[in-house]
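Since the structure comes first, as structure tokens, the remarks are kept for the end.
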Amino acid sequence: MADRGGCCPPMDLFRSEAMQLVQLIIPMESAHLTVSYLGDLGFLQFKDLNSDKSPFQRTYAAQIKRCGEMARKLRFFKEQMLKAGFSTSTKPGAETDIDLDDLEVKLGELEAELIEMNANGEKLQRGYNELLEYKLVLQKGGEFYASAQRTATAQQREMGSQQMGDESIETPLLQEQETSTDLSKQVKLGFITGLVPRGKSMAFERILFRATRGNVLLKQVPAEDPVTDPVSGEKVEKNVFVVFYSGERAKNKILKICEAFGANRYPYAEDLGKQGLMINEVSGRISELKTTIDAGLLLRDNLLQTIGEQFEQWNIKVKKEKSIYHTLNMLSLDVTKKCLVAEGWSPVFATKQIQEALQRAAFDSNSQVGAIFQVLHTRESPPTYFRTNKFTSAFQEIVDAYGVAKYQEANPGVYTIVTFPFLFAVMFGDWGHGICLFLATLFFIVREKKLSSQKLGDITEMTFGGRYVIMMMSLFSIYTGLVYNEFFSVPFELFGRSAYACRDLSCRDATTVGLIKVRETYPFGVDPAWHGSRSELPFLNSLKMKMSILLGVAQMNLGIILSYFNATFFRNSINIWFQFIPQMIFLNSLFGYLSFLIIVKWCTGSQADLYHILIYMFLSPTDELGENQLFPGQKITQIVLLLLALVSVPWMLVPKPFLLKKQHENRHQGQSYAPLESTDETLLSEANHDSHGHDHEEFEFGEVFVHQLIHTIEFVLGAVSNTASYLRLWALSLAHSELSVVFYEKVLLLAWGYNNVIILIVGIIVFIFATVGVLLVMETLSAFLHALRLHWVEFQNKFYEGDGYKFHPFAFALLEDEDD
Amino acid sequence: MGFLVTTLIFSVVGIIASICSRICCNRGPSANLLHLTLVITATVCCWMMWAIVYIAQMKPLIVPILSEGE
């Protein structure tokens, strides 16, 4: 890393940590342990050296399959535990070292046991439900069996007696036929009893009637409570039915229909005495079965409990092992087949820790040879790694969401920690709302430890993750609220007396010409006299628009200065002379000058029209300024600045491509006579790195020129559009204060004016809901979004490239976050 | 006058805040530089906002015109 400049002392988080490509040669017997210790350490990002192999061709595919099986068993256990209502204990428990083979065997045993218990339980449960239904049939059957049979035998006797009588013309023909057959067979009435689901009972009845041509008697009685159906296991409303039939064919039809409708049939004894016995027997069997089922459930629950105690531990172990084998699959086998070669990125500061881990692993696995640690030199771009803590990680994530920083370029995250909440606060300014937001986020921060181990919903998780961002936002909002002098839109005279008073004692002109400034300027913030006045909006609009321009120009200048630091760090002097300087000149000669004019106008109280000045600076720079003169020598200054701006545009555009071309030619002048490669590097690393080796890239002049043209146009046009974009600071701040005023005056004060307690309470409730819903939630999100946009586009496009990739080490700690 | 005094107050507060951050969390030179940068940036931002609002009110071009019924 010799070509890095060091203009300033190093700052945490400003540039990525120094990363190096390391090669580890690990003997086979200590491979597993080594990877395990490196996973504990979490500072190495392994490169996949077997990327051309499919997952099934890799060395440890079988082990991964085993781990997958074990994971499946663990998921099955978890399902069963959830069904039975157990929760897995989140305590890590005793950290006993579990051997993977033992665990596999144990899991297999437990699974078989659990499946068997479940099957038995189901069988018993089904029998139990059938017995319950049978008992119901017995109870209900007795109620109507007697009456039904009486009706049926009466009918039969009737038919029989009719048959004895003379045949009259009225007797239906069919009836004759049937009775004659009946007589010949002398069949007794048969009956079937059972339960049919209530929803199907009408259809059941109809089909029975049709199928047997009306020759059955069906009686149904609804069962009061829903009954658990033995087959489906759900509670269904059922009717107890009894069907009286005669004949074999009818019986078969009825049986088939019962099966089709899922009506369960149960035998029913005709004899009254037998009925009583049956009921007692069935009741006895039911209670027996219940105790058996309960005992079975108890046994299963015990088993699930023992599993639950160790579940987390096993889960973690299986996940760890699976990840270790995945990592081992990425290592390549050395030619001698006695050791594995690993390549990976790691931060330079972790070198010692990695070497220690390697030594420990070699010692613990009783291997004779230690692992070899070697740093490789490569032209590949390393991953970007920032060491963040719980406070800075949220801000870094915001920056990374747009693009991960290129290796060792300046990290906008450093300034984002302050400027992002600040710009949010400029748009949100109300210290009452700021206090509410602060209390809300304080709740999250105080219960940090507890909430971080819980599983939260999506939105709550996002809010919790950004708790420090919101806290900063709320603190700055309290400050800007004091500056704008708005407490739920009400101003206070906290810092001294208002500067304005009536022109004379009678205050006649107060509503026509207005007040005058009698004292010193109000020392901190906006004077409270402005609130509610007719000229409040023109004043505040002018103030906030100019403030937005000033803040915007300041932030854009910061962005360009950061590009200077980048150019210095990467020793890119072309960028300093032909990009940084013309950009600074262009931006500041136009918009820096505008900012200067704003401040001068404020300081002198002149009535000059700034629009007019700036526009005519371009249209007719040599004209006399007249009443728009803010300072002596203004005309000359403007002409000079205009010329500087005009010169800086070709300065940005033209020289750089030519200089890059010359630079490229200088670098590759002696290429054809390159010396032989030094024999220090191993053959392995050469084979790997030749592909990303020297930049024998061609220099396309046309492409570079077009790239520079685009960059220049983007900057020049962007200078105007980005500056105007900062006016959103004004727009949102205006919206926030207007909403706040409306809710206060039109809800709260209106309710107060009625002098009625109920209306007041309703008014207060509406005010609270409106404030929380619209101002605290919607406006927060809105201002957050716009502040974010200002950072991502207007600030970062001055210097940020953001085309790096993030450092993603192999670490067990990260694993747990991933899988869940 | 009021402007200079308050600007001085801002800078004093900034210096005190940097000293406090150095005392409370002294974690090596690079981390200290980061904390210093953050404190200075925050102080400058807050001062800029106050200064803009103050200067804008020093020599006003329009005055509050009260609305009816105040």
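The values are calculated or read from the model by the stated rules, or taken from the named source; none is laboratory data. In this text, all values refer to a predicted model and were calculated from it rather than measured experimentally. Note: ideal-geometry Cβ built from the backbone for every residue, glycine included; neighbour counts use all protein chains shown.
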What residue, among those in the stretch A:401-441 that are touching a Lys or Arg at 6+ places or on another chain (Cβ under 9 Å) and assigned to a helix (DSSP H, G or I), is nearest to residue A:768 (Cα to Cα)?
A:441
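Right, residue B:43: within 7 Å of chain A (Cβ to nearest Cβ) and under 25 Å from residue A:412 (Cβ atoms) or not?
Numbers: within 7 Å of chain A (Cβ to nearest Cβ): no; under 25 Å from residue A:412 (Cβ atoms): yes.
No, not satisfied.
Listed residues A:308, A:296; which is closer than 29 Å to residue A:111 by Cα and in contact with a Ser or Thr (Cβ under 8 Å, 6 or more places away or on another chain)?
Working: A:296 fails: in contact with a Ser or Thr (Cβ under 8 Å, 6 or more places away or on another chain).
Just one listed residue meets the conditions, A:308.
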Scope the stretch A:704-727; condition crowded, with 20+ Cβ neighbours inside 10 Å and under 24 Å from residue A:775 (Cα atoms); matching residues:
A:726
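Look through A:593, A:522, A:564, A:616 and report the one residue that is at pLDDT 90 or above, of a type in the set (Ser, Thr, Tyr) and part of a loop (DSSP other than H, G, I, E, B). Lay out the reasoning, then the answer.
Working: A:593 fails: part of a loop (DSSP other than H, G, I, E, B); A:564 fails: part of a loop (DSSP other than H, G, I, E, B); A:616 fails: part of a loop (DSSP other than H, G, I, E, B).
On inspection, the qualifying residue turns out to be A:522.
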Do we find a residue being more than 9 Å from chain A (Cβ to nearest Cβ), hydroxyl-bearing (Ser, Thr, Tyr), free of Cβ contacts under 8 Å to residues at least 60 places away in the same chain and over 30 Å from residue A:511 (Cα atoms) anywhere in the stretch B:24-35?
no
Restricted to the stretch A:501-552 and to residues being surrounded by fewer than 18 Cβ atoms within 10 Å (Cβ to Cβ) and among the basic types (Lys, Arg), the residue nearest to residue A:611 (Cα to Cα) is A:534
Among the residues of the stretch A:321-343, are any touching a strand residue (DSSP E or B) at 6+ places or on another chain (Cβ under 6 Å), small (Gly, Ala, Ser) and at pLDDT 85 or above?
yes
Near pairs, Cβ below 8 angstrom, 6+ apart or cross-chain, from the stretch A:254-282 (hydroxyl-bearing (Ser, Thr, Tyr)) to any residue that is not in a helix (DSSP H, G or I):
A:266/A:193; A:266/A:194; A:266/A:195; A:268/A:191; A:268/A:193; A:268/A:242
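Filtering the stretch A:790-817 down to residues that are under 20 Å from the mean Cα position of the chain (by Cα) and either assigned to a helix (DSSP H, G or I) or among the hydroxyl-bearing types (Ser, Thr, Tyr) (or both), which residue is nearest to residue A:409 (Cα to Cα)?
First, pick out the residues of the stretch A:790-817 that are under 20 Å from the mean Cα position of the chain (by Cα): A:806, A:808, A:813-817.
Of the ones still in play, those that are also either assigned to a helix (DSSP H, G or I) or among the hydroxyl-bearing types (Ser, Thr, Tyr) (or both) are A:813-817.
Working: A:813: 28, A:814: 26, A:815: 29, A:816: 31, A:817: 28 Å.
Looking at residues that are under 20 Å from the mean Cα position of the chain (by Cα) and either assigned to a helix (DSSP H, G or I) or among the hydroxyl-bearing types (Ser, Thr, Tyr) (or both), I get A:814.
Residue by residue through the stretch A:351-364, note down the ones that are among the acidic types (Asp, Glu) and either buried (at least 18 other Cβ atoms within 10 Å of the Cβ) or modelled with pLDDT of 90 or more (or both). It would help to see each step written out before you state the result.
We begin by selecting, within the stretch A:351-364, every residue among the acidic types (Asp, Glu); these are A:356, A:364.
A:356 - this is the single residue of the stretch A:351-364 that is among the acidic types (Asp, Glu) and either buried (at least 18 other Cβ atoms within 10 Å of the Cβ) or modelled with pLDDT of 90 or more (or both).
Given the structure, is residue A:529 free of Cβ contacts under 8 Å to residues at least 12 places away in the same chain, facing chain B (nearest Cβ under 10 Å), part of a helix (DSSP H, G or I) and of a type in the set (Gly, Ala, Ser)? Walk me through it before giving the result.
Working: free of Cβ contacts under 8 Å to residues at least 12 places away in the same chain: no; facing chain B (nearest Cβ under 10 Å): yes; part of a helix (DSSP H, G or I): yes; of a type in the set (Gly, Ala, Ser): yes.
Answer is no for this residue.
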Before we move on, is residue A:552 on the phi > 0 side of the Ramachandran plot and out of contact with any strand residue (DSSP E or B) (no Cβ under 8 Å at 6 or more places or on another chain)?
no
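Can you find a residue in the stretch A:493-500 that is at the interface with another protein chain (Cβ under 8 Å from one of its Cβ atoms), in a loop (DSSP other than H, G, I, E, B) and surrounded by 16 or more Cβ atoms within 10 Å (Cβ to Cβ)? Explain how you work it out, then say what you get.
Within the stretch A:493-500, the first condition is being at the interface with another protein chain (Cβ under 8 Å from one of its Cβ atoms), and the residues that meet it are A:499-500.
Now narrow it down to the ones that are in a loop (DSSP other than H, G, I, E, B): A:499.
Narrowing further to those that are surrounded by 16 or more Cβ atoms within 10 Å (Cβ to Cβ): A:499.
Yes: the stretch A:493-500 contains one or more residues that are at the interface with another protein chain (Cβ under 8 Å from one of its Cβ atoms), in a loop (DSSP other than H, G, I, E, B) and surrounded by 16 or more Cβ atoms within 10 Å (Cβ to Cβ).
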Evaluate the stretch A:734-750: report whether one residue or more is basic (Lys, Arg) and modelled with pLDDT under 95.
yes
Test set (1) more than 7 Å from chain B (Cβ to nearest Cβ); (2) closer than 24 Å to residue B:7 by Cα - residue A:581 fails condition number:
(2)
Here the residues within the stretch A:175-217 that are among the hydroxyl-bearing types (Ser, Thr, Tyr) and modelled with pLDDT of 80 or more are A:193, A:201, A:212
Would you mind finding the one in A:348, A:341 that is closer than 30 Å to residue A:19 by Cβ and loosely packed, with under 15 Cβ neighbours inside 10 Å?
A:348
Contacts under 8 angstrom Cβ, first residue in the stretch A:588-602 being within 14 Å of another protein chain (Cβ to nearest Cβ), partner of a type in the set (Phe, Trp, Tyr), 6 or more apart
A:600/A:631
Residue A:308 vs (1) in a helix (DSSP H, G or I); (2) of a type in the set (Gly, Ala, Ser); (3) farther than 30 Å from residue A:87 by Cβ: all pass except (3)
Considering the stretch A:638-671 alone, what residues qualify as being over 50 Å from the mean Cα position of the chain (by Cα) and not in a helix (DSSP H, G or I)?
A:669, A:670
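So, in the stretch A:603-629, of the ones that are of a type in the set (Ser, Thr, Tyr) and away from chain B (no Cβ under 14 Å), which residue ends up surrounded by the most Cβ atoms within 10 Å (Cβ to Cβ)?
Start the filter on the stretch A:603-629 by keeping residues that are of a type in the set (Ser, Thr, Tyr), which leaves A:604, A:606, A:611, A:616, A:620, A:622.
Subset that is away from chain B (no Cβ under 14 Å): A:611, A:616, A:620, A:622.
Details: A:611: 7, A:616: 16, A:620: 9, A:622: 8.
Ranking the candidates gives A:616 first.
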